[in-house]
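Below: one structure, written as structure tokens.
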Amino acid sequence: HPPILQTVRLAAEDLTKLAPTDWPDSRVVVRTMLRDQVPTEVYQEQITSGNELSVTAFPEQFKVGQQMTLSLDVAQPVGSAAVSFDVYIGGLLVTSASSLPVTVTYAPTLAGSLEIAIVGRSAALDTVFQAASTVQVEP
């Protein structure tokens, strides 16, 4: 039997890995390969997360129902490639901004952990980074 060929979409950044399905063609290399040589791993973008997001809140205590002013910033150089920033609080998009730091007014509705995240996007709307921080909301 002739070898079985398969056409695959590889990540332009790393040709040993498959491209994520939602990637634009500009970031994909299409190759026809022997089926037993097709990579099985999908390329994971190096999205940094964790400590890069600094949250400054006024007042400092997060309390349910109390209006807060949050100043959110991301350490450079993580934010330098991004042209727009989406701010999520508790998983909901609260605002989009074209520059950092961004100031948001927010009143928590539930006590407990509250995740605040900023997703930076490039001009092509690709995610450049995601930075998150968790704060505690008092009842």
*Output the relative contact order of segment 68-137, whole-number percent, from Cα pairs under 8 angstrom with separation of 6+ residues.*
35 percent
_Accessible solvent surface per residue of the chain, calculated while the other protein chains remain in place, 1.4 angstrom probe, Å²_ = 61 Å²
*Please report, largest first and rounded to whole Å, the three semi-axes of the ellipsoid equivalent to segment 68-137, where each semi-axis is the square root of five times an eigenvalue of the C-alpha gyration tensor.*
22, 11, 11
*For segment 68-137, with all protein chains present and a 1.4 Å probe, just round the carbon and sulfur fraction of the accessible area to a whole percent.*
54 percent
*If you build the Cα gyration tensor of the chain and take the root of 5 times each eigenvalue, what three semi-axes come out, in whole angstrom, biggest first?*
41, 16, 11
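The values are calculated or read from the model by the stated rules, or taken from the named source; none is laboratory data. Note that the structure is predicted; figures quoted are calculated from it, not measured. Heavy atoms of the whole protein, side chains included, go into the accessibility calculation; ligands, DNA and RNA do not. Shrake-Rupley method; radii C 1.70, N 1.55, O 1.52, S 1.80 Å.
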